[in-house]
Amino acid sequence: MRLYEELQALAHSEVRRLAESIHGMKEYEIPLQVPTGTPVRPGQIPVGAFISQDFFINAKKLLLLLKGAGDRTLCWSEAACVRPGGNLNSGAMLSYIKQAINDGYSVLIASPNLQCFPASERSTVYAAHMAALTQTLLVRCPAAFIDIVGYSYGGVIAANMIRGADWFPPEMAARIRRVVFIDSVHKVSDACGFPSAGPEFSRKLGFLQSSCVHFRVSSEPRGQYIADWPETGCMCMSVGTEDHDLAPGCATDCAFEYLSREFSVDPEIMDLLQKFGYD
C-alpha cells in the first residue's frame, strides 16, 4: 500500500510538472474559510486553483474542470495514472488542458485538496472552496461563456452552479453555456431544485435537457446513446468503459466533440448576459 501511495505521489508530481512546463498552467492560491470544527491533517492546506495564462484576458470562453471528491488537483484519478491498464492520459487532466487551449478556451481547475479532510466533510469543504473560487477568480474572468466538465462528485458541483447555489450568483449562472457530466452522481434536484419552484424548475430542467450531456460507464461502444435518465435530467451516452476511474480519459474526445457543436443561445440567457454587461 505504501509503495502504491508513493507511485501516486510521483505521478501527481509529474502531472503538475507537465501542466506547468508544457501547458503553462499556474497555481493560484485562494484563501479558504474552512467550516468550524472541520479537522484538517497537519501540514496540508487547500491550495486553491490552477489557471491558464490567458485566464484574465480571454473574453471568449472558459473551461472549468471539476474533479471528484478524493484525488489531488490536476488528476481525475491518481489510481488510473499508475495501475495496470492506466497512464497519465487516462488518469490526469492533461489531455483536457491541451485540447481546451487548442480550442481557444481559458482554463480553470478547481483544487479543493479534499484528501486533507474526512470523507464526511468533503461536500461541505468543496462548496466552501467553490464559494472562494467564485469570489476570488470567477468574478474576475472576462469570458462571456463558461463550459464545465464535472466528473463524479464534481458533477454535483456543476449541477449546483446550474441551479444558482448560494455561493454562485445569477450573473455567473447565466454565463454557463454547456456542461459535460462524466459518470456523475448528481440528481435533477441538484441542478433544478424541486418542482415546487415552478417556472424556474422548468427552465433549469430545459437547460439540462438541451445543453448538457452525461457520459456514463457502460459496456456499450463509446459515444453510444444509452437513454435519457430521469434522475440526472439529461441525455446519457456511453463512455466506452465500465471502469469509473478510467471514464474521464475515455470521454475526452466525445466531450470536446459535444462542446464544439454549433450552439444557439436561449434569448432569455442572452438578455441576462446583456443585463450583467456581457455582449
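The values are calculated or read from the model by the stated rules, or taken from the named source; none is laboratory data. Since this is a predicted model, take the numbers as computed values, not measurements. Cβ sites come from the backbone with ideal geometry, for glycine too, and all protein chains shown count toward neighbours. These area figures cover heavy atoms from the full protein model, side chains too; ligands, DNA and RNA do not enter into them. Shrake-Rupley method; radii C 1.70, N 1.55, O 1.52, S 1.80 Å.
For segment 1-58, residues that are at pLDDT below 85, aliphatic (A, V, I, L, M) and either closer than 24 Å to residue 120 by Cβ or part of a loop (DSSP other than H, G, I, E, B) (or both) total 7.
Of the helices (runs of 4 or more DSSP H) lying entirely inside segment 71-162, the ones with 3 or more residues being open to solvent by less than 10 Å² (accessible area, probe 1.4 Å) and at negative phi are found at 94-102, 122-136.
Do we find a residue being touching a Pro at 6+ places or on another chain (Cβ under 7 Å) and farther than 22 Å from residue 94 by Cβ anywhere in segment 240-250? Within segment 240-250 (the criterion being touching a Pro at 6+ places or on another chain (Cβ under 7 Å) and farther than 22 Å from residue 94 by Cβ), the answer is no, since none of the residues qualifies.
Of the residues in segment 177-210, how many are open to solvent by 10 Å² or more (accessible area, probe 1.4 Å) and either assigned to a helix (DSSP H, G or I) or of a type in the set (Val, Ile, Thr) (or both)? Going through segment 177-210 one residue at a time, the tally reaches 18. Scanning segment 211-222 for residues that are open to solvent by 30 Å² or more (accessible area, probe 1.4 Å) and not basic (Lys, Arg) returns 217, 219, 220, 221.
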